Amino acid sequence: MNRLIALTITASLCIAAKAADRDLPVYRDASRPLEERVEDALSRMTVQEKINIIHAQSKFSSRGVPRLGIPDLWCTDGPHGIRPEVLWDQWEQAAWSNDSCVAFPALTCLAATWNPDMSRLYGTSIGQEARYRGKDVLLGPGVNIYRTPLNGRNFEYMGEDPYLASRMVVPYIQGVQQNGVAVSVKHYALNNNEVNRHTTNVIVDDRTLHEIYLPAFKAAVKDGGAWTIMGSYNLYKDQHGCHNSYLLNDILKKEWGFDGAVVSDWGGVHDTDQAITNGLDLEFGTWTDGLHAGASNAYDNYFLAKPYLDRISKGQAGTDELDDKARRVLRLIFRTAMDYTKGEGEMCSEAHYDAARRIGDEGIVLLRNKKRVLPLRLDGPKKKILVVGENAIKMMTVGGGSSSLKVQREVSPLDGIRVAAGNTADVLYARGYVGDVTGEYNGVTTGQDLTDNRTPDELIAEAVALAAGADYVIFVGGLNKSAGQDCEDSDRRELGLPYGQDAVIEALARANRNLVVVNVSGNAVAMPWVDKVPAVIQAWFLGSEAGNSIADVLFGKVNPSGRLPMTFPVALADNSAHAAGAYPGLKRADSNIVDLEYKEGILVGYRWHDTRKIKPLFAFGHGLSYTDFTYGKVTADRREMTVADTITFTVPVTNSGAVAGAEVVQLYISDPKCSVSRPAKELKGFAKVFLQPGETRNVSISVGKDALCYFDADRHDWVAEPGEFIASVGAASDNIKSTFRFNLR
Ligand code: GLC
């Protein structure tokens, strides 16, 4: 009987709820199509309410429509982890005790995995952390192309090749947005250096823009379905990226069909009329009351706030653009803050630490390994390992600019090595050099006291003395996210390592033949000592699990499978942005604008090195393994194709070594006889394959017409010219194993 009563009550509650649903206004009814909800909400809003939702109300939030029960929208940095809470109108952290996060590896490391599955894992994990913290928009990922190795923010981006960046950004976006959190793919576009970032006017030809600098953003929109795009600080065609009609209206919204919201970079808006008409939808971070920079709580004076409302009131502006902006912001709110199915997310879970470690493990690149010094062998008598370098102990998750984090934990390289070695080795430490002893950003401090007043000679002498008696010496150096050393709002001034590290490395190489250099950076660095050092690892900024990932590779728990997402030049002048003298640009006589012409055009990175035959220190796509891979001859399923066809290349790859490992098979396409000049070859496909010792896999990569095209600026379209093409398959851009010639009819 009770069961019958219970069922009756439940049924009547469902009927009541259904009836209540019928009374729900359309915009609140999640079962209704998104566009219906948007139009219904818009129709109920006043002009003032529409103005309210298209600009910030605090440092990281914009207003909803309280009268309609439409919530505020909350944004957070950044691409590598969820920024600590800040006070309403401050950059400084609010010093909460429960907003520490997991720091995932920097996006250069993610790109270096060449594994889209890692991107999906990354996006899912960081999206869960954002959801748990109640954030609706994650201000990342960044996909600006690596044009110069001096750019302070390259560590936040995905390297020099538009195809690699395009393939790696899409799963990250899908992973984040499946949590009901929007990404904000940044910085659109042409923000390729930090010096003069607010005043640089980039001059670049249309073909280069479309072939090099836009593809990753286009993939983010058309394949990734990004819900927001962040405009860039710099100018292009003399308009700031945050209200740039060609980039935002013509390309992003009209050509690509972007239905999301364009968010300004913080302080990137400079003009009300341009902000109204040139495609901006949501203004953040403007530091002005219209009169003086830096006024706090000046939100009503934002360019899209009272000034916009005044123009409408005086009949100087219509409301069509306002409605379009409001529609896009409402769509964003319904996709995020008003998506009641999105779950609770999770924060600082062991699953997230595991994800961070796996991405780090797969992104570390073994650059050099003469005499197979690596992996370090701990069998036999107890070993003595000397670790040298400030980067072995210095926290790297604090600093670097807006991607700086407050972490729950960060395993240093020294700690990771000590834990991994256990009691099989005595692990000693020597400072080696003193770099940057500070450790604070927006009120978050590392708590480390790195003070060391010894002279460089004393520091080197100590390290050399200890090195002499060690079985292995591991130097951990590189850059450190301090100003001018891989940091937002500043570029490096040289390619070489700072703080006298080269001298330390040279001295250690003389003192011990088993020297391993671990370079922690988001950029290429010069390595004048490379021939004297048997083993070199590129270790990126790896976040919370840094020391564990580095130790995993050093001791062979993980067989390194990372591949460089950018070229390491021998010297700065070998890089195309510097060879052509096109950096950092020329300041105009009559204004603070700096004109920066990308004179190298499409020849960025390996495209330049291959075409100009300039041998790099380490090539794009380079990375070694603890095993060996042998390739058979590449074949294809056709010799002839039309633009309607795809062609599938297949190459047998064998793990001919003694341990399991992963190989990244890379496919480059050349168009040797084209009516326009084209790079020697361009990456158009890749596949990462995990092989057991002795295992052979037939690796297939298919491409269509897109892989053969160049952008014809006159026709404003992509063109594949009939004729012969060459497919080159290999393990790096400078390590081609075999080629296949085919014809496009
Ligand atoms: C910064 C950065 C941007 C960041 C924003 C908010 O200046 O350019 O990447 O998301 O402001 O901190």
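Structural remarks
- Heavy-atom accessible surface of K673, to the nearest 10 Å², is about 150 Å², with a 1.4 Å probe and all protein chains retained.
- Rolling a 1.4 Å probe over the protein heavy atoms leaves E724 with an accessible area of roughly 50 Å².
- With semi-axes defined as the square roots of five times the eigenvalues of the C-alpha gyration tensor, the equivalent ellipsoid of the range 332-424 measures 38, 16, 15 Å, largest first.
- Heavy-atom accessible area with a 1.4 Å probe sorts K222, K615, largest first, into K615, K222.
- Histogram of C-alpha separations across the range 24-67, 5 Å bin width, %: 5, 22, 25, 20, 17, 9, 1
- Phi to ³J(HN,Hα) by Karplus 6.51 cos²θ - 1.76 cosθ + 1.60 over the range 401-411, Hz, x for Gly, Pro: x, 5, 8, 5, 9, 10, 9, 6, 7, 9, 7
- DSSP beta bridges fully contained in the chain are about 60 percent antiparallel.
- Annotation for R745 and A503: the two label points, set 7 Å from Cα along the Cα-Cβ direction, are 6.9 nm apart.
- Violating pairs (Cα-Cα greater than 22 angstrom) within the set K254/K673; K254/K681; K371/K532; K384/K557: K254/K673; K254/K681
- Accessible area, probe 1.4 Å, largest first, for residues K633, K681: K633, K681
- Restricting the calculation to alpha carbons of the range 584-718 gives Rg and Dmax of 19.8, 67 angstrom.
- Anisotropy class of the range 381-439 from Cα gyration tensor, a/c 1.5 cut: oblate
- Based on Cα contacts under 8 Å between residues 6+ apart, the range 694-745 shows a relative contact order of 25 percent.
- Overall Cα dimensions of the range 433-586 - principal axes, largest extent first, Å: 53, 39, 34
- Expressed in units of 2.2 N^0.38 Å, where N is the residue count, the Cα radius of gyration of the chain is 0.99.
- Scanning residues 5 or more positions from V659 or on other chains, those with amide H under 5 Å from its amide H are D628, with H placed 1.01 Å from N in the peptide plane.
- When each of K222/K325; K253/K587; K237/K705 is checked by Cα-Cα distance, pairs over 26 Å: K253/K587; K237/K705
- Figure note: R493, R67, R377 ranked by solvent-accessible area, largest first, 1.4 Å probe, ligands and nucleic acids not counted: R493, R67, R377.
- Solvent-accessible surface (1.4 angstrom probe) belonging to M395, in square angstrom, nearest 10: 40
The values are calculated or read from the model by the stated rules, or taken from the named source; none is laboratory data. No experiment lies behind these values; they were computed from the predicted model shown. No Cβ is skipped: glycine too gets one built from the backbone with ideal geometry, and neighbour counts run over all protein chains shown. For the accessible areas, the whole protein counts, side chains as well, though only heavy atoms, and no ligand, DNA or RNA atoms are used. Shrake-Rupley method; radii C 1.70, N 1.55, O 1.52, S 1.80 Å.
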